[in-house]
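Worksheet: the structure to be examined is printed underneath.
The values are calculated or read from the model by the stated rules, or taken from the named source; none is laboratory data. Please read all numbers here as calculations on a predicted model, not as lab measurements. For neighbour counting, all protein chains shown are included, and Cβ atoms are generated from backbone atoms with ideal geometry for every residue, glycine included.
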Amino acid sequence: MAATRSIVILTGAGISAESGIDTFRSAGGLWEQHRVEDVATPEGFARNPNLVLNFYDMRRAALAVVEPNPAHEALARLEREFAGELLLITQNVDDLHERGGSARVLHMHGELKSALCQSCETRSPWHGTMIERPPCPVCRAPTLRPDVVWFGEMPYQMGRIYQALETCDLFVSIGTSGAVYPAAGFVQEARAAGARTLELNLEPSEGSRMFHETRLGPASALVPAWVAEVLGG
Ligand code: BJW
C-alpha cells in the first residue's frame, strides 16, 4: 500500500465527550435539554435573544472546568510528527483541540470563544458574558452574537475544506453522528476522489456504510492507537 501523504480529519462532539462536554444527540445530551429550533437557528435568536445568549454564555463558562483528553492530545502529536499534509476540521465549538496542543484547527461551526458582529460582520475574541450586550470592539454597535454556525447558515471555509477532501489520500471521521450536513457528506466527497476512509466512533454513525473501515470504542483509546499506527509507533 502506498504511503499516506495527505490526511483530512473531521471531529465531532464525541471526541470531547470524555472531557465532560455533552454531545448533542445522546440520551441526556444538549438537544434533549433544549429545542434545537430555539437555541441553534437564526430564527430562534431573533425570537428570544436572551435565551440564546444565556445558553452560549453557560456553554462558554463550562469550558473553564474541562480539560483535553488523550484523543485531543494524540491529534496534536500527529500534527507535530506527521511528515505529510494534515487538515484538522472540527465541528466542535469548544477549544479542547487547541488546549490539547493542536496549532492549526479549522472550526467549521465557529467557536464559543468568538463573537460575530451582526452589523460589521467582524469576528472578535470573546471571553466574558454576552447577555450584557457589550459593543462590538470594531464598530461599537451592540450587535454581537455567538460566532457559531446555526442551522440554515453556511459553515466556515467550505472552499478550503472541499479542496482538501479532493486531494487527500486518507479521510478520518472521529466522534460524530453523521447527522448534520454538509459535514456528514465529507466521507462521500473524499471517497469519490479516491481517498481511503476510516471512522472512529463509539457506535456506527448514520453514514457508517460509506466508510472503508469503522473502529468502535471510546475516542480516548481509539485515537491514540490510530495515531501511533500512522506514525509507526
Ligand atoms: C463518541 C464518544 C466517545 C460519544 N468516543 N465517540 C435535509 C437533508 C440534508 C441536509 C439538510 C436537510 N435539512 C436541512 C439540512 C441542512 C442542515 C442539516 O444538516 N440538517 C440535518 C439535521 C438534516 N445543515 C445546515 O443547516 C448547515 N448549513 C448548511 O447546510 O448550509 C448550506 C450549505 C449547502 C451546501 C454546502 C454547504 C452548506 C449548518 C449546520 C450547523 C450545525 N450547527 C450545530 C450547532 C453549532 C453550535 C453549537 O454548538 O451550539 O453544530 S448543530 C450540532 O450538530 C453542532 C455539531 O457540530 C453538529 C454535529 O453533531 P456531532 O458533533 O456529530 O454530535 P452528535 O451528538 O450528533 O454525535 C456525537 C457522536 O459521538 C455520536 O455518534 C456518539 O456515538 C459519539 N460518541 N461519545 C467516540 N467517548
| said: Looking at Ala74, Ala83 in this structure, which one is touching a Pro at 6+ places or on another chain (Cβ under 7 Å), at pLDDT 95 or above and either outside the structural domain of Trp126 (by TED's automatic domain parsing) or assigned to a loop (DSSP other than H, G, I, E, B) (or both)? | reply: Ala74
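Yes or no, residue by residue, for (1) within 15 Å of the ligand (Cβ to nearest atom); (2) within 26 Å of Ala27 (Cα to Cα); (3) of a type in the set (D, E, K, R):
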| residue | (1), (2), (3) |
| --- | --- |
| Pro125 | no, no, no |
| Ala141 | no, no, no |
| Tyr156 | yes, no, no |
| Gln163 | yes, no, no |
| Phe171 | no, no, no |
| Val187 | yes, yes, no |
| Glu203 | yes, yes, yes |
| Glu206 | yes, yes, yes |
| Phe211 | yes, yes, no |
| field | Condition met for Gly12 (within 14 Å of the ligand (Cβ to nearest atom), farther than 23 Å from Gly128 by Cβ and more than 18 Å from the chain's Cα centre (by Cα)) | value | no
| Tell me, which residue of region 104-140 that is touching a residue at least 40 places away in the same chain (Cβ under 8 Å) and under 26 Å from Leu87 (Cα atoms) is surrounded by the most Cβ atoms within 10 Å (Cβ to Cβ)? | His107
| task | List every residue pair whose Cβ atoms sit under 7 Å apart, with the two residues 6 or more apart in sequence or on different chains, where the first one lies in region 214-225 and is closer than 21 Å to Glu79 by Cα and the second, anywhere, is more than 7 Å from the ligand (Cβ to nearest atom) and modelled with pLDDT under 95. | result | none
| query | Looking only at residues in region 213-228 that are outside any strand (DSSP E or B) and more than 8 Å from the ligand (Cβ to nearest atom), which one is farthest from Ser16 (Cα to Cα)? | reply | Ala228
| said: So, Val66, is that one within 27 Å of Val223 (Cα to Cα) and either away from the ligand (no atom under 13 Å from the Cβ) or touching an Asp or Glu at 6+ places or on another chain (Cβ under 8 Å) (or both) or not? | reply: yes
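Conditions tested, residue by residue: (1) buried (at least 20 other Cβ atoms within 10 Å of the Cβ); (2) not in a helix (DSSP H, G or I); (3) not assigned by TED's automatic domain parsing to the domain that holds Thr176.
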position	(1), (2), (3)
Arg25	no, yes, yes
Glu37	no, no, yes
Ala46	no, no, yes
Leu51	no, no, yes
Asn54	no, no, yes
Arg59	no, no, yes
Ile89	yes, yes, no
Asp94	yes, yes, no
His97	yes, no, no
| request: Select from region 191-201 the residues that are more than 11 Å from the ligand (Cβ to nearest atom) and either among the hydrophobic types (A, V, I, L, M, F, W, C) or not in a loop (DSSP other than H, G, I, E, B) (or both) and list them in ascending order. | output: Arg191, Ala192, Ala193, Ala195, Arg196, Thr197, Leu198
| Looking at this structure, is Arg191 closer than 29 Å to Ser26 by Cβ and basic (Lys, Arg)? | yes
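Let's see how each residue does on (1) part of a helix (DSSP H, G or I); (2) within 13 Å of the chain's Cα centre (by Cα); (3) among the acidic types (Asp, Glu); (4) surrounded by fewer than 20 Cβ atoms within 10 Å (Cβ to Cβ):
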| position | (1), (2), (3), (4) |
| --- | --- |
| Pro142 | no, no, no, yes |
| Arg145 | no, no, no, yes |
| Gly152 | no, no, no, yes |
| Gln163 | yes, no, no, yes |
| Ser177 | no, yes, no, no |
| Tyr181 | no, yes, no, yes |
| Ala184 | yes, yes, no, no |
| Glu189 | yes, no, yes, yes |
